[in-house]
Amino acid sequence: MTNNLDNKMREALFEYLLRLGDDRLILGHRLSEWCGHAPILEEDIALGNIALDLIGQSSAYLSLAAEVENKNRTEDDLSYFRNEYEFKNLQLVEQPNIDFAYTIARQYFFDVYEGLFLEELAKSKFEQLAGIAEKSIKENKYHTRHSKHWVLRLGDGTEESRNKIQTAINDLWRFTGEFFEETEVDEILKEKNFAPDLKLLKQKWNEIINSTFEEATLSIPESKDFATGGRNGIHTEHLGHLLAEMQIVARSFPGAKW
Amino acid sequence: MNQTKEKILKLLEDVYDPEIPVLNIIEMGIVRGVNEIDGGYEIKITPTYSGCPAMKTIEDEILDLLHSEGVEKIKVTKVYSPSWTTNWMSEKTKIKLGGYGIAPPEENSEEFIFKKITCPFCKSTNTKLTSEFGSTSCKSLHFCNNCLQPFEHFKCI
């Protein structure tokens, strides 16, 4: 299906697939940093498993991106040999783990968005994209179940756990506006029914977050000042450090196999 | 079906899931088909989980095995839709899994987290879920209150 795309569509689709791949690659890498450090063994395993799912999904998007781009690059070239400004992920996913509460707040914001997004993406007329979405929906269900349960437990737990998760929510809230931002790329893809309308997801996302936070006795920050830039390659200072660690082996020994 | 196709499918029964060495990739439902493509063959496989590290190994093993058996032109393609489900495992496969000490997936239900999974060792249903996540993406952790053994269960997806 990637053979008969015109140039404009090819470029837009490539860009779009980078966004999807990068969101999951960076978030997966962040979660993998917990490996061996999580508060309890079961949680160490859970976060490792979720990280693997996300990195696997990113591999599906990025290999499709490489195929669409058709310039002899591979998913590994795209993961390891692009610089910070070439990454198109949401700023939310590059935010550091800080503590378990931050990790859970970041994950829950993303999981809820991802669930709504995938449901629409599975209807894409670009069938390879719809296929990856269909597969990811199953995985997103248990990811969301995991992060939601922790939001409830921390929020409705002790005073300390509640303070920690509320602080994390307040700090990370400003990165949630990017979920619903669209650019020209979205317009081009929406015309062909390849990509969902992100604006339609916003209300539902807010409703789900509101209802969980209410149950968890947490409050929604009132601020309406949202960070922006990730889709254009503008990032917070954290992404560069993450990439340095993620890419060093591949860049030090290009083409190495193990 | 031509003879080579049949031969390939037969050969693929010798490729085992490295994480669950008791099941081969046909039994797992990973192989979705073999097609003839310009002078060679395309093997379609579907990932059990997106992040399953065994997929790469399986792909390499398919290529190694078929090459060594003289089937030269082989392409392995990943397909995502329809997505893999534990429903594709036969009853026979599930019994094998149980015999290996992993509680098999029960029917088609994501609701397994609310159910009492039968202990593969003592067959008691007095068990509890320890964690939805286990040593591999496809397994959850449980504990048997009867024989006091932790055990793994192949999740239903």
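The values are calculated or read from the model by the stated rules, or taken from the named source; none is laboratory data. Just so it is clear, the model here is predicted, and its values are computed rather than measured. In this analysis, Cβ positions are derived from the backbone assuming ideal geometry, glycine residues included, and neighbour counts consider all displayed protein chains. Heavy atoms of the whole protein, side chains included, go into the accessibility calculation; ligands, DNA and RNA do not. Shrake-Rupley method; radii C 1.70, N 1.55, O 1.52, S 1.80 Å.
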note = the range A:169-258: helices (runs of 4 or more DSSP H) wholly inside it with 2 or more residues that are at pLDDT 95 or above and of a type in the set (Gly, Ala, Ser) are A:238-252
request  = Take A:ILE165 and decide whether it is away from chain B (no Cβ under 14 Å), part of a helix (DSSP H, G or I) and surrounded by 22 or more Cβ atoms within 10 Å (Cβ to Cβ).
outcome  = yes
query = When only residues in the range A:31-43 that are open to solvent by 20 Å² or more (accessible area, probe 1.4 Å) and either within 20 Å of the chain's Cα centre (by Cα) or closer than 17 Å to A:ASN140 by Cα (or both) count, which is nearest to the other protein chains (Cβ to nearest Cβ)?
reply = A:SER32
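Listed here are the residues, each with its yes/no results for (1) of a type outside the set (A, V, I, L, M, F, W, C); (2) more than 18 Å from A:ASN170 (Cα to Cα).
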{"residue": "A:GLU84", "(1), (2)": "yes, yes"}
{"residue": "A:GLU94", "(1), (2)": "yes, no"}
{"residue": "A:ASN97", "(1), (2)": "yes, no"}
{"residue": "A:TYR102", "(1), (2)": "yes, no"}
{"residue": "A:GLU119", "(1), (2)": "yes, yes"}
{"residue": "A:SER124", "(1), (2)": "yes, yes"}
{"residue": "A:ALA130", "(1), (2)": "no, yes"}
remark   = Among residues of the range B:50-76 being within 11 Å of another protein chain (Cβ to nearest Cβ) and open to solvent by 30 Å² or more (accessible area, probe 1.4 Å), the residue nearest to B:THR136 (Cα to Cα) is B:PRO53
ask   = List pairs: first in the range B:134-146 and facing another protein chain (nearest Cβ under 10 Å) and more than 16 Å from A:LYS138 (Cβ to Cβ), second in a loop (DSSP other than H, G, I, E, B) and open to solvent by less than 10 Å² (accessible area, probe 1.4 Å), Cβ under 7 Å, 6+ apart or cross-chain?
value = B:LEU141/B:GLY134
message = Restricting to the range B:80-93, count the residues that are out of contact with any Gly (no Cβ under 6 Å at 6 or more places or on another chain), of a type in the set (S, T, N, Q) and in a loop (DSSP other than H, G, I, E, B).
response = 3
note = Within the range A:44-63, residues facing another protein chain (nearest Cβ under 9 Å), closer than 23 Å to A:LEU129 by Cα and among the hydrophobic types (A, V, I, L, M, F, W, C) come out as A:ILE50, A:ALA51, A:LEU52, A:LEU54, A:ILE55, A:ALA60
Qualifying positions in the range B:59-79 - touching a Leu at 6+ places or on another chain (Cβ under 9 Å) and in a loop (DSSP other than H, G, I, E, B) = B:GLU69, B:VAL71, B:GLU72
task = Run down A:LYS71, A:LYS148, A:LYS125 and say which single residue is more than 10 Å from chain B (Cβ to nearest Cβ), open to solvent by 10 Å² or more (accessible area, probe 1.4 Å) and in a helix (DSSP H, G or I).
result = A:LYS148
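Okay, residues lined up against (1) touching a residue at least 12 places away in the same chain (Cβ under 8 Å); (2) charged (D, E, K, R); (3) touching a Lys or Arg at 6+ places or on another chain (Cβ under 8 Å):
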site	(1), (2), (3)
A:GLY115	yes, no, yes
A:GLU119	yes, yes, no
A:ALA133	yes, no, no
A:PHE179	yes, no, yes
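Please go through the range B:23-49 and pick out each residue that is open to solvent by 10 Å² or more (accessible area, probe 1.4 Å), touching a residue at least 60 places away in the same chain (Cβ under 8 Å) and of a type in the set (Gly, Ala, Ser).
Passing the criteria: none in range.
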request  = Would you mind stating whether A:GLU114 is open to solvent by 20 Å² or more (accessible area, probe 1.4 Å) and either away from chain B (no Cβ under 12 Å) or charged (D, E, K, R) (or both)?
outcome  = no
Matching entry among B:LYS44, B:LYS96, B:LYS56 (being outside any loop (DSSP other than H, G, I, E, B), more than 30 Å from A:TRP150 (Cα to Cα) and at pLDDT below 90) = B:LYS56
query = Is it the case that B:SER124 is away from chain A (no Cβ under 14 Å) and surrounded by 13 or more Cβ atoms within 10 Å (Cβ to Cβ)?
reply = yes
ask   = With respect to A:LEU78, is the statement that it is away from chain B (no Cβ under 14 Å), part of a helix (DSSP H, G or I) and either of a type outside the set (S, T, N, Q) or open to solvent by 10 Å² or more (accessible area, probe 1.4 Å) (or both) true?
value = yes
